[in-house]
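Only one structure is covered here, and it is reproduced in the block below.
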Amino acid sequence: MHDVVILGAGIHGLCSAFELRRRGRDVTVLDRYAVGHDRGGSHGAARIMRSSYHQRRYVELARQAQRTSWPLLSAELGRTLVTDTPGVFFGQPKGLFADFLAATLGAGVPVEQIERHEAQQRFPLLRFEEHDAVMLDHTAGVLAASEAMSGLREWLSDHDVEFRSEVTAQRIEAGRDAVTIETDLEPLRARAVVVATGAWLGELLPEWSQPLTTLRQQVGYVQVEPGEHSTEVGTFPVWCRIGETAEDFVYGLPEFGKPGLKLAHHRTTGAPDDANATPAAIDRDALAELARARLTSPVIDVLSVENCLYAVAPGEELHVVRSELDARIVAVAACSGHGFKFGPVIGARVADLVEAL
Ligand SMILES: Cc1cc2nc3c(=O)[nH]c(=O)nc-3n(C[C@H](O)[C@H](O)[C@H](O)COP(=O)(O)OP(=O)(O)OC[C@H]3O[C@@H](n4cnc5c(N)ncnc54)[C@H](O)[C@@H]3O)c2cc1C
């Protein structure tokens, strides 16, 4: 009989394991792929940390993550997980971006509105449109995603957490004395189960098969000719150009952990993708075009590309809830394309639910 079994070793599964182990629970983690795989939503060198959001409670949740959760995790792992850099959020002041302005500027966080011409002077490599409103987020930074993932795995191994890679959970059955997980190897029995399988959540918990939409993202790392301007973290910002609707949302990061400026569409709508399908070839020309549209400097090359999965819940909400199957099963649907920064907060919510059993 296992104490807690966690299905999925993405950022949410690992942060849940970290928090439960810190609270003295025995934890076993399963993942269908090998350590370091690139099939889900948590791989890659970097992620955006920001307070700027379209809803006040996410502004506040981000502050909690920045002020408490990530500093604690960095200290425990002995690694620098967040590097400060300016955050620039801009767009026409209507529709979705108007929601960002309203929710963020009045929230009492160190985010200010600056004039477009000042923004263009301070961030000459970004392309601002006429009438763009601009928010400068002083809480922003780059999250060292792959450092966080490898640091968590190392900490968990050092603290006797059992990892089983390339083991696929196929079915979950709630019995009187235990929850049983049928896998492609052997069944496991546990007092509690955490299902943090990202885009695959609906395969194990039917109540999530409809609400969650799997959307594949295409990411590029582009080489530009910056002239005398820096593309380094600390100077070059994390940025989001936010249009009137969710379809028109582009973001980027400074060079961090690999060559080239990261950029991509934040794709939260559209026809669903199959998480199990082999990804289609990435359209490098489209990524180069996107870079030319959003950056003022000449684009020399798309140095590398990356596929990555979003599991988008309605309203891009994040959920940590008990499963309808049984209260001993906790479901984590916390991606929606912005869940990495909330990893440690999500882990604590999961541990609270397990401990309350
Ligand atoms: C391109 C891209 C850019 C992003 N940018 C940002 C950003 O700037 N800031 C931010 O905060 N967030 C960002 N995100 C979102 C964030 O990265 C995700 O929300 C987060 O990584 C999701 O983690 P997860 O643990 O929920 O899912 P995943 O990382 O997908 O982990 C799920 C795991 O479950 C395993 N699994 C699935 N089915 C089974 C099974 N049956 N049995 C066993 N194991 C199973 C999978 O192998 C996988 O490892 C971005 C995401 C992408 C894709």
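Here are the numbers for this structure:
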| quantity | calculated |
| --- | --- |
| Cβ pairs under 6 Å, 6+ apart, first in the range 17-33 and among the small types (Gly, Ala, Ser), second not in a strand (DSSP E or B) | 17/156; 17/161 |
| Residue within the range 221-243 that is among the small types (Gly, Ala, Ser), crowded, with 19+ Cβ neighbours inside 10 Å and in contact with a Leu (Cβ under 9 Å, 6 or more places away or on another chain) present | no |
| Odd one out for residue 74, checked against (1) in a helix (DSSP H, G or I); (2) open to solvent by less than 30 Å² (accessible area, probe 1.4 Å); (3) in contact (Cβ under 8 Å) with a residue 24 or more places away in the chain | (3) |
| Residue 38, sole failed condition from (1) of a type outside the set (Ser, Thr, Tyr); (2) open to solvent by less than 40 Å² (accessible area, probe 1.4 Å); (3) within 14 Å of the ligand (Cβ to nearest atom) | (2) |
| The range 171-201, residues that are of a type in the set (Val, Ile, Thr) and either in a strand (DSSP E or B) or open to solvent by 30 Å² or more (accessible area, probe 1.4 Å) (or both) | 172, 179, 180, 181, 183, 193, 194, 195 |
| Flag if residue 86 is loosely packed, with under 15 Cβ neighbours inside 10 Å and modelled with pLDDT of 95 or more | no |
| Neighbours by Cβ (under 8 Å, 6+ apart or cross-chain): first from the range 128-156, under 13 Å from residue 10 (Cα atoms); second within 14 Å of the ligand (Cβ to nearest atom) and among the hydroxyl-bearing types (Ser, Thr, Tyr) | 145/42; 149/42 |
| Whichever residue in the range 161-188 is over 17 Å from residue 325 (Cβ atoms) and without any contact (Cβ under 8 Å) to a residue 24 or more places away in the chain and, among such residues, is nearest to the ligand (Cβ to nearest atom) | 184 |
| All positions within the range 324-335 that are modelled with pLDDT of 95 or more and open to solvent by less than 10 Å² (accessible area, probe 1.4 Å) | 329, 330, 331, 332, 333 |
| Test: residue 204 is within 23 Å of the chain's Cα centre (by Cα) and crowded, with 20+ Cβ neighbours inside 10 Å | yes |
| Scope the range 1-17; condition over 14 Å from residue 352 (Cβ atoms) and either more than 9 Å from the ligand (Cβ to nearest atom) or more than 18 Å from the chain's Cα centre (by Cα) (or both); matching residues | 1, 2, 3, 5, 6, 17 |
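The values are calculated or read from the model by the stated rules, or taken from the named source; none is laboratory data. Treat the numbers as computed from the prediction; the structure is a model and nothing was measured. As a convention, Cβ positions derive from the backbone with ideal geometry for all residues, glycine included, and neighbour counts pool all protein chains shown. Protein only, heavy atoms only, side chains kept; ligands, DNA and RNA dropped before computing areas. Shrake-Rupley method; radii C 1.70, N 1.55, O 1.52, S 1.80 Å.
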